[in-house]
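The structure appears below as structure tokens.
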Amino acid sequence: MSFFLGFLLILKMKIKLFIILLILSCSFACKKNQDQNTEDKPIRQLLQENTPESTVKSWQYFMDNNDFDQAKEIANEEAKEFLNEIKHFVLNTPEDTIKSKSQFLKLKCTQGAETATCITTIKDLSFDETYLDTFHLVYKDSKWLIALYESSK
């Protein structure tokens, strides 16, 4: 009888140990996956890639950080006008209410010779909101630019 109780006690300890190890390994795996999802390439590297995807990611980074002057470097003329309007609004708004951090959950671009369309799912980590967005791009002077048109404002 005592052999049986000892066996059950050892079995119970092994099960607890297995569960603890399972939880630890899952938490490390989830953390590693989360780090890979949120790990961003440096912005300069993204800009050098000069693809529709890298341009969209750069644009969103600049918008998140209210760096409208940098965003103008990858914007068509209509988008530059939009950025001027946004910049004026932001200058009159408390900074802590307008900063955000975005994570691309999905980014799929279809590209032609001189245009591209990127459909995204973006999570705003500051406000815990997820939204869909579409970016239109044009290829001009050997680089991809975010293109806004009068109807997309």
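Odds and ends about this structure:
- Qualifying positions in region 49-71 - without any contact (Cβ under 8 Å) to a residue 60 or more places away in the chain, farther than 13 Å from Phe104 by Cα and crowded, with 20+ Cβ neighbours inside 10 Å: Phe62, Phe68
- Lone qualifier among Ala116, Ala71, Ala79 - being in the same structural domain as Ser58 (by TED's automatic domain parsing) and part of a strand (DSSP E or B): Ala116
- Hits in region 82-102 (condition: more than 22 Å from Lys123 (Cα to Cα) and either without any contact (Cβ under 8 Å) to a residue 40 or more places away in the chain or not in a helix (DSSP H, G or I) (or both)): Asn84, Glu85, Lys87, His88, Phe89, Leu91, Asn92, Thr93, Pro94
The values are calculated or read from the model by the stated rules, or taken from the named source; none is laboratory data. All values derive from a computational prediction rather than experimental measurement. Glycine gets a Cβ as well: all are built from the backbone with ideal geometry, and neighbour counts include every protein chain shown.
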